[in-house]
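Participant: Let me begin by handing over the structure; questions about it come next.
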Amino acid sequence: MQLDHAQPFPYNFELKSTALVIIDMQRDFIEPGGFGETLGNDVALLQAIVPACKAVLEVWRGLCGLVVHTREAHRADLTDCPPAKRRRGNPALRIGDVGAMGRILIAGEPGNQIIAELAPLPGEIAVDKPGKGAFYATGLHERLQQAGITHLIFMGVTTEVCVQTSMREANDRGYEGLLLEDCTESYFPQFKAAAVEMMRAQGAIVGWTATSGDLLPALAALPAQSQHC
Ligand code: C5J
């Protein structure tokens, strides 16, 4: 299958060897009252991409494509949280502190759950990642290799932090990555714009970009495949 309008040039992929990777669509970043908002961010910016993400996820599921969800999450005892990460900056709440939705960025806490609209289904891969990238200390690469995955289509938040880091990690591991521009967002629109430009610059030095409006018609033309159902 080819996405003719992908940038900087058409993107080719096969459904059976492609995973949809949804980065950190967790309540604490997306919902009012969560960690993101306590940091002074406007979560409405991130909420705006939920319908587009949901539309892609539903079609992908209908085709039995492999789905990967990530959460930025640490163990309750913080043994996987470098002190430098916890110390950084001057936030009102630090990783592990108790916020409005439980302990900040701690696995299993209410705020650490993926938002209901995109909640993982049984059989989908859900990864707790202690870093910004989806490949650091998660075993994700091994699971994707076992599943025969060579291509990754990315959605999620935030564009210039966990999404960009994950795409760069994937690129260094040999995956062909594509970012859906209308399915990713940042608290800082100028950072999103810069990150998108950076990834596809220099002949797709990190990967490709396209929109859900490019992907969905291409997927609609496909028969369902059973490999990942
Ligand atoms: C951040 C993320 N921004 N998921 N996390 O700390 O991008």
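Computed from the coordinates by the stated procedures, all read-outs in this text should not be read as laboratory data. Just so it is clear, the structure is predicted and the values come from calculations on it, not from any experiment. Cβ: placed from backbone, ideal geometry, glycine included. Neighbour counts: every protein chain shown.
Participant: State the extension gain, in nm to one decimal, for the chain segment bounded by Leu39 and Lys85, taking 0.36 nm per residue of separation less the distance between their alpha-carbons.
Facilitator: 15.0 nm
Participant: Separate question: Taking the Cβ-Cβ separation of Gln2 and Gln146 as r and a Förster radius of 22 Å, what is the calculated FRET efficiency to the nearest 0.05?
Facilitator: Efficiency computed from Cβ-Cβ geometry: 0.25.
Participant: Follow-up. State the Cα centre-to-centre distance between segment 1-56 and segment 161-193 in whole Å.
Facilitator: The two parts, judged by their Cα centres, are 9 Å apart.
Participant: Based on Cβ point charges of +1 for Lys and Arg and -1 for Asp and Glu, what charge dipole magnitude is obtained for segment 58-149 about its Cα centre, in debye rounded to the nearest 20?
Facilitator: 440 debye
Participant: As a test of the formula, what do you get for the chain when each DSSP H run with n ≥ 4 contributes -39,500 (n - 2.57) and the sum is divided by the residue count, at 222 nm and rounded to the nearest 500 deg cm²/dmol?
Facilitator: Helix contribution divided over all residues of the chain: -8500 deg cm²/dmol.
Participant: Rounded to whole Hz and in sequence order, give me ³J(HN,Hα) for segment 139-145 from the Karplus expression 6.51 cos²θ - 1.76 cosθ + 1.60, θ = phi - 60°, writing x for Gly and Pro.
Facilitator: Residue by residue, segment 139-145 yields x, 5, 4, 4, 5, 5, 5 Hz.
Participant: Same structure, new question: Quick check for me: using +1 on Lys/Arg Cβ and -1 on Asp/Glu Cβ, what's the dipole size of segment 79-224 about its Cα centre, in debye to the nearest 20?
Facilitator: Charge dipole of segment 79-224: 620 debye, to the nearest 20.
Participant: May I ask you to compute the full-extension gain from Ala107 to Leu216, defined as 0.36 nm times their residue separation minus their alpha-carbon distance, rounded to one decimal in nm?
Facilitator: The span from Ala107 to Leu216 would gain 36.0 nm if fully extended.
Participant: Tell me which of Leu180, Pro82, Asn112 sits at the most positive position along the dipole axis of segment 61-185, charges placed on C-beta atoms (Lys, Arg +1; Asp, Glu -1).
Facilitator: Projecting each Cα onto the dipole axis, the largest value belongs to Pro82.
Participant: Right, something else. Using only the Cα atoms of segment 81-139, each taken as one equal point scatterer with no solvent, compute I(q) by the Debye sum, divide by I(0), and report log10 of the ratio at q = 0.20 Å⁻¹.
Facilitator: Taking Cα atoms of segment 81-139 as identical point scatterers yields -0.91.
Participant: Can you tell me, using C-alpha contacts under 8 Å and at least 6 residues apart, the relative contact order of the chain as a whole percent?
Facilitator: Worked out over the chain, it gives 29 percent.
Participant: Pairwise over distinct Cα atoms, reciprocal of the mean inverse distance: report the Kirkwood radius of the chain in Å, one decimal place.
Facilitator: Hydrodynamic radius (Kirkwood, Cα only) of the chain equals 17.7 Å.
Participant: Next up: Can you count the Lys pairs in the chain whose Cα atoms are under 21 Å apart, with each pair 8 or more apart or on different chains?
Facilitator: So the count of such lysine pairs works out to 5.
Participant: Here is a further query. Sequence-distant or interchain residues sharing an amide H contact under 5 Å with Glu176, placed H: which?
Facilitator: For Glu176, the qualifying residues are His151, Leu152.
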